[in-house]
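Down below is the structure, laid out as structure tokens.
The values are calculated or read from the model by the stated rules, or taken from the named source; none is laboratory data. On a predicted model such as this, the values are computed, not experimentally measured, just so you know. Heavy atoms of the whole protein, side chains included, go into the accessibility calculation; ligands, DNA and RNA do not. Shrake-Rupley method; radii C 1.70, N 1.55, O 1.52, S 1.80 Å.
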Amino acid sequence: MLEREVRILFGKEWRQLLRSRGAMVSALLLPMILLVIVPGLQMLGLKTGMSKPVNLPSGVELPPGLRELTQDPVSMMRGMLVPFIALGGLIVPSVTASYILITERESRTLELLVALPVRVGQILLAKLLALLALASSVTLVLFSIDAVLILVLGIGSPGFVLVLLALLLSAMTYSTTTALLVSLLARDFRTSNNINGLLLGPVILVCFGVMLAVPNPVLSALLLAVLFAVGAVVATFVALKVITFERLLR
């Protein structure tokens, strides 16, 4: 059970997110492209015969994660789903965290929290839950479309879908904690977005790097899920240690 103060603060954060047109558009458009449009077209193309094995010149060495490309496009499709699902989980929190922090700081509503009998940890938890609630309500609905396509088209098993779901949830948690920490420390939208972009770039490279290095999509998804979970714990620990009321009001 959440503390009463956290529930009240969560309600405030949730209403603030829903009123933000920029946050809602960003939360819907980018995940739809990454989670539904691109992988959906690839899966449909695969099953309608549009995707075929690639004949590479002799002597060309592929990374371990791509070696099955020449024999089994279905395996390649499973491998490509891993980074797309991870990116879908990363996008929503990273593009919406700024709205609930920077807008609140610019409108001076953060100053009102100082007069309330709440702790910084309760404020951080409410904001974290609001971001996770928005990200989950968007990405889980979109992911369910992928899950249906994967099962109906025979791309993967129910176990594979569950592994992708674990990856999606861990990516959302990592992105939420890191984006929230950045937004708490940044003074304006530009700084927050720039730092989030700098952090997101290496993570995207890691996602595709793991896909290329690990030949088994299930193992690559589980490895990324563990990395995201560890990153989320570290970011949460740092936020609780460095964020104070004085830093919130800067």
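Points to keep in mind about this one:
- Accessible surface, 1.4 Å probe, highest first, among residues Lys127, Lys241: Lys241, Lys127
- On full extension, the segment bounded by Val38 and Arg190 gains 51.8 nm, given 0.36 nm per residue less the C-alpha separation.
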